[in-house]
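Novice: Structure incoming, see below.
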Amino acid sequence: MKRFYKAAAVVATEGSQEQGFIIELDGKEIKTPEKRPNLSPTRALAEAICAEWNEQGDKIDPASMLMAKLQNTALDRVHTRRSDLIAELVKYAGTDLLCYRAEFPEDLAQQQAGLWQPLLDWVGQNHDIKLVVTTGILHVPQDADELEKLGVFLGGLDSFHLAAFHNITTLCGSVSIALNVLGGNISAEQAWTAAELDENYQTRQWGLDDEAVIRQKNMRADLDAAVQFLSLL
């Protein structure tokens, strides 16, 4: 799409029923793809989205506007299907990456235990959610009461936090990693290291093809954006 505006600006919605911050393009308020008010809950987030609009060249590249994309997701998708999204996240916890450990090679098993177990311990200490750890790939059901605790916690998150949390979970394959990020216990870099531990181990053994390099680069960019999004709320 050709750029159709000169400049984007942040405008506070003081005095209106919905408090927050909007983006205007040459004085005209932008909407979400579903034509909802594109309202940011904080000025910091609105300014980040505004910067994305101002950084566009002669053509608009929506794929480069990761903050705007996350906000649209929060307003158009998460807000309207919270129950389904929470159920999906609880299902992720049932097969959490950190709960499935290698039996061998021994050095990989040690790396998994050393990196992953502290993250699971943090979840147990801070959310009272205890997930079962196993070795091998056979599915081991998680306790229904523990999963219910997760569902209750997620139900208390607003749509913006839930949108970022969902992205982190799906990118990392782990609700536990997302909980650690949300709680400020680990950075995006640490989350990525935990999520890619197995893949990096295999890469050191067999190398990485060009498609995998591109895939990892895109996933890392999306993860960084989701963590940044949380920091701006």
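The values are calculated or read from the model by the stated rules, or taken from the named source; none is laboratory data. Only a predicted model underlies this, so the values are computations on that prediction, with no experimental measurement involved. Backbone-built Cβ (ideal geometry, glycine too); neighbour counts: all protein chains shown.
Novice: Would you confirm whether or not region 100-114 contains a residue that is under 28 Å from Asp158 (Cβ atoms) and surrounded by 16 or more Cβ atoms within 10 Å (Cβ to Cβ)?
Specialist: Step one: list which residues in region 100-114 are under 28 Å from Asp158 (Cβ atoms), which gives none.
Within region 100-114, none of the residues are under 28 Å from Asp158 (Cβ atoms) and surrounded by 16 or more Cβ atoms within 10 Å (Cβ to Cβ).
Novice: Hey, any hits in region 171-180 for a residue that's surrounded by fewer than 20 Cβ atoms within 10 Å (Cβ to Cβ), under 13 Å from the mean Cα position of the chain (by Cα), in the same structural domain as Pro118 (by TED's automatic domain parsing) and not in a helix (DSSP H, G or I)?
Specialist: Yes, region 171-180 contains a residue that is surrounded by fewer than 20 Cβ atoms within 10 Å (Cβ to Cβ), under 13 Å from the mean Cα position of the chain (by Cα), in the same structural domain as Pro118 (by TED's automatic domain parsing) and not in a helix (DSSP H, G or I).
Novice: Failed condition for Leu157, given (1) within 16 Å of Leu120 (Cα to Cα); (2) surrounded by 12 or more Cβ atoms within 10 Å (Cβ to Cβ), with all others met?
Specialist: It fails just one condition, (1).
Novice: Kindly evaluate Ala87 against the criterion of being at pLDDT 95 or above, touching a strand residue (DSSP E or B) at 6+ places or on another chain (Cβ under 8 Å) and more than 13 Å from Ser176 (Cβ to Cβ). Outline the logic, then answer.
Specialist: On the way: at pLDDT 95 or above: yes; touching a strand residue (DSSP E or B) at 6+ places or on another chain (Cβ under 8 Å): no; more than 13 Å from Ser176 (Cβ to Cβ): yes.
When the stated conditions are applied, Ala87 does not pass them.
Novice: When only residues in region 90-140 that are part of a loop (DSSP other than H, G, I, E, B) and of a type in the set (D, E, K, R) count, which is farthest from Gly183 (Cα to Cα)? Don't jump to the end; show me each part of the working.
Specialist: Going through region 90-140, the residues part of a loop (DSSP other than H, G, I, E, B) turn out to be 94-96, 102-105, 128-133, 136-140.
Going one step further and asking which of them are of a type in the set (D, E, K, R), we end up with 96, 103, 128, 130.
Values: Asp96: 18, Glu103: 30, Asp128: 14, Lys130: 16 Å.
Looking at residues that are part of a loop (DSSP other than H, G, I, E, B) and of a type in the set (D, E, K, R), I get Glu103.
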